[in-house]
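Asker: The structure is given below, and queries will be raised subsequently.
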Amino acid sequence: MALTVSRVTVEPQLRQWHAVSAAAGDADHIGLPADPLQDLLPLLTGRTTGHLVEVWLGTTRDGPVAATLLRMPVHDNLAVVSLSLYVHPRARRAGHGRAMRAHAIYRARHHGRSRIVAEVTAPLGDGPEAPGPAFARAAGARPVLSEVRRVLDLTAVGEDRLAGMRDAAAAAAPGYRLLQWVDRAPAGLHADLARLAARMTTDVPMQELDWEPEVWTAERYAATEAETRDRGRRRVVSAVQDRSTGRLAGYTDIGVSLFRPQVAYQWDTIVLPEHRGHGLGLLLKFANLQLLRQEIPAAEVVHTWNADDNPHMVRINDAVGFRPVERHLEEQLDLPAGGPAAPPPGVPR
Ligand code: ACO
C-alpha cells in the first residue's frame, strides 16, 4: 500500500506522529515510554539550540503508519544526521520502513550530510533477531556502539542508604566541595560546565562511532539550560569543585519531563581524568539521586545507558542499584558520495 510522506508542522500532525512512535516504542522496548507529546512540541519550530530538526509522517489510506525525526547538529558533526525511524507494529514488513529510510537519506543529502546514525534495540540474551538491527543490517548500516540500558527503581532505594553512601563518599574526598542545583547553574560556572560537557564526547567510549568532539561554550551551555526549562524539563545537577582551584572537577545531571515526572533519565556524568580515583563518581551519583528525590518526589525510575567498555561507570551504577534491561546499538550508515539529489518517487521536496 503506497506511503505518502509529509512534513509535520502543526500539532495535530505531531499528535499522529507521536501515536506511531509511541506504539513502536511499546513494542520494541522494555519499560521505556515514549517522550510525552508536550515535550516534543518545540520540534515544530525546526530548530533546537544544538540541531536543525525535521519531523516527517508516513501515511497510507489506512492512516499514519510511519514516523521519522532527523536531528542535524549545527555546532559540530556537520556531516551527521541522527535519525529516529518508527513503523507502527501493525504495519510492519510492508516496505514502509524502507520508504521512510529512502526519504531520510534524501533529506540528509539535501542538507549536505553524509552519515546517518540511528539507535536500535535488542534483547540482552540470545533470541531471534530484533527488528531494528535486522532493518539496519538490510540497509547496509553497521553497529558501531553497543550499550546496555539500566534502570533503577528509586522507590526501592532507602533514604538512609543514599545519605550514608553520599556521606561516606564525601568524607573520602575532603579536597572537593559538593555543589547542587536545579535547572539553572549558579553564575560563573557555565564555562566549566561547557568544558565538562565537551569532555562527554572525548572521554566516554564511542567505540567505532564516527563522532567529532563537540564544541561547547559557556553560551551554548546556558542556551541548552534555557531550552530544557522551556520544554518543561527539569535538570537536577550535582557537581564537585576542587577546593584548591575553585574549578569544577566533575558533574552529573538527571533530566525529568514535568509532563511525566515518574520517569527520570540520567544524562551526563563525568569526572576529569586528573580528579579520578577519589570516589567522586559515587559521591555525585548518590548526592544527585537524593536531590532528585527531594525536588521531584514523583520520580520512580531512572534510566541510564552505558557503553559495554565503560567498566568504571557500570561498577558505580551497579553499586547504586541499577539493573540491566536491554541492549541499545548505535548503527552508522555512511552515504556514498554523489547519490541522487532528487527525492524518491512519491516523496515531496
Ligand atoms: N526481521 C528481519 N528482517 C527485518 C525485520 C525483522 N523483524 N524488519 C525489517 N527487516 C529487514 C528486511 O530485510 C526487510 O526487507 P524484506 O521485508 O523484503 O525482507 C527490510 O528490513 C525492510 O523492511 P520494511 O518492511 O521496510 O521495515 P518495516 O516497515 O517493518 O520497519 C522498523 C522496520 C523501522 C525497524 C520497525 O520494525 C520499527 O519501527 N522498529 C522500531 C524502531 C527502529 O528500530 N527503527 C530503526 C532505526 S535504524 C535506521 O533507521 C537505519
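Only the coordinates and a few stated rules stand behind these numbers; no lab work does. Here the structure is a predicted model, which means the values were calculated and not measured. For neighbour counting, all protein chains shown are included, and Cβ atoms are generated from backbone atoms with ideal geometry for every residue, glycine included.
Asker: Would you be so kind as to identify which of 99, 25, 162 lies farthest towards the positive end of the dipole of the chain, taking Lys and Arg as +1 and Asp and Glu as -1 on Cβ and the Cα centre as origin?
Answerer: Towards the positive end, the residue furthest out is 99.
Asker: Just the Kirkwood number for the stretch 124-190, please: inverse of mean 1/r across all distinct Cα pairs, in Å, one decimal.
Answerer: Numbers: mean 1/r = 0.0571 Å⁻¹.
Evaluated on the stretch 124-190, it is 17.5 Å.
Asker: Between residue 274 and residue 62, how high is the FRET efficiency from 1/(1 + (r/R0)^6) when r is the Cβ-Cβ distance and R₀ = 45 Å? Nearest 0.05. Let's see the in-between values first.
Answerer: Numbers: r = 59 Å, r/R0 = 1.31.
Once rounded, the FRET efficiency stands at 0.15.
Asker: So, one more: Between helix 96-110 and the chain, what is the angle of the helix's C-alpha long axis to the longest principal axis, kept within 0 to 90° and rounded to the nearest 10?
Answerer: 80 degrees
Asker: Sticking with this structure for a sec: When the label point is put 7 Å from the Cα of residue 212 along its Cα-to-beta-carbon vector, which residues of the stretch 176-194 have a backbone N closer than 20 Å?
Answerer: 194
Asker: Have a look at the chain and give its Rg and Dmax from the Cα atoms, expressed in angstrom.
Answerer: For the chain, the Cα-based Rg and Dmax read 20.9, 67 Å.
Asker: Based on other C-beta atoms within 10 Å, arrange 313, 206 from fewest to most. The partial results should precede the final answer.
Answerer: Working: 313 20, 206 16.
Lowest to highest Cβ neighbour count: 206, 313.
Asker: Please pull out the direction-averaged projected area of the stretch 1-140, using the convex hull of its alpha-carbon atoms, in nm² to one decimal place.
Answerer: Numbers: hull surface 35.3 nm².
Taking a quarter of the hull surface, the average projection is 8.8 nm².
Asker: Compute the long axis of helix 280-295 from its Cα atoms, compare it with the longest principal axis of the Cα atoms of the chain, and write down the angle in degrees, 0 to 90, nearest 10.
Answerer: Compared with the principal axis, the helix lies near 80 degrees.
Asker: Once the other residues with Cβ under 10 Å from the Cβ of residue 205 are scored (Lys, Arg +1; Asp, Glu -1), what is the net sum? The partial results should precede the final answer.
Answerer: On the way: positive: none; negative: 147, 203, 308, 309.
Every neighbour counted, the sum reads -4.
Asker: Give me the distance in nm between label points sitting 7 Å out from Cα along the Cα-to-Cβ direction at residue 242 and residue 172, one decimal.
Answerer: It is 2.1 nm.
Asker: Roughly what angle does helix 311-320 make with the longest principal axis of the chain, taking Cα atoms, 0 to 90 degrees, to the nearest 10?
Answerer: Taking Cα atoms only, the helix is inclined about 70 degrees.
Asker: Given axes a ≥ b ≥ c from the Cα gyration tensor, I'd like to know whether the stretch 164-236 is rounded (a/c under 1.5), prolate (a/b larger than b/c) or oblate.
Answerer: Numbers: a/c = 1.90, a/b = 1.21, b/c = 1.57.
It is oblate, given that a/c is not under 1.5 and a/b is not larger than b/c.
Asker: Moving on. Would you mind pulling out the separation of the Cα centroids of the stretch 107-172 and the stretch 243-299, in Å?
Answerer: 18 Å
Asker: For the stretch 20-93, what is the Kirkwood estimate of the hydrodynamic radius, computed as the reciprocal of the mean inverse distance between distinct Cα atoms, to one decimal in Å? Don't jump to the answer; show the numbers that get you there.
Answerer: Numbers: mean 1/r = 0.0739 Å⁻¹.
Roughly 13.5 Å, rounded to one decimal.
Asker: Continuing with the same structure: State to the nearest 20 debye the size of the charge dipole of the chain about its Cα centre, where the only charges are +1 on K and R beta carbons and -1 on D and E beta carbons. All intermediate terms of the calculation are to be shown ahead of the outcome.
Answerer: Numbers: 40 positive and 40 negative charges, 163 e Å.
The calculated dipole for the chain is roughly 780 debye.
Asker: Which net charge results when you count Lys and Arg as +1 and Asp and Glu as -1 among the other residues whose beta-carbon is under 9 Å from that of residue 139? Working shown, then result.
Answerer: Numbers: positive: 98, 101, 137; negative: 331.
Neighbour charge sum, excluding residue 139 itself: +2.
Asker: Kindly work out what percent of the DSSP beta bridges joining two residues of the chain are antiparallel, to the nearest 5. Numbers along the way, then the final one.
Answerer: Values: 67 of 74 bridges.
Among the beta bridges of the chain, antiparallel pairing accounts for roughly 90 percent.
Asker: Let a ≥ b ≥ c be the square roots of the eigenvalues of the Cα gyration tensor of the stretch 37-79; is it rounded (a/c under 1.5), or, if not, prolate (a/b larger than b/c) or oblate? Before the final figure, lay out each step's value.
Answerer: On the way: a/c = 4.11, a/b = 1.91, b/c = 2.16.
It comes out oblate by the Cα gyration axes.
Asker: Taking only DSSP H segments of four or more residues, each worth -39500 (n - 2.57), what value at 222 nm results for the chain once the sum is divided by all its residues, to the nearest 500 deg cm²/dmol? Mind showing how you got there, number by number?
Answerer: On the way: 9 runs with 107 residues, N = 349.
Helix contribution divided over all residues of the chain: -9500 deg cm²/dmol.
Asker: Additional query: In bins 10 Å wide, starting from 0, what share of all Cα pairs of the stretch 104-159 does each bin hold, as a percent?
Answerer: 17, 36, 23, 16, 7, 1
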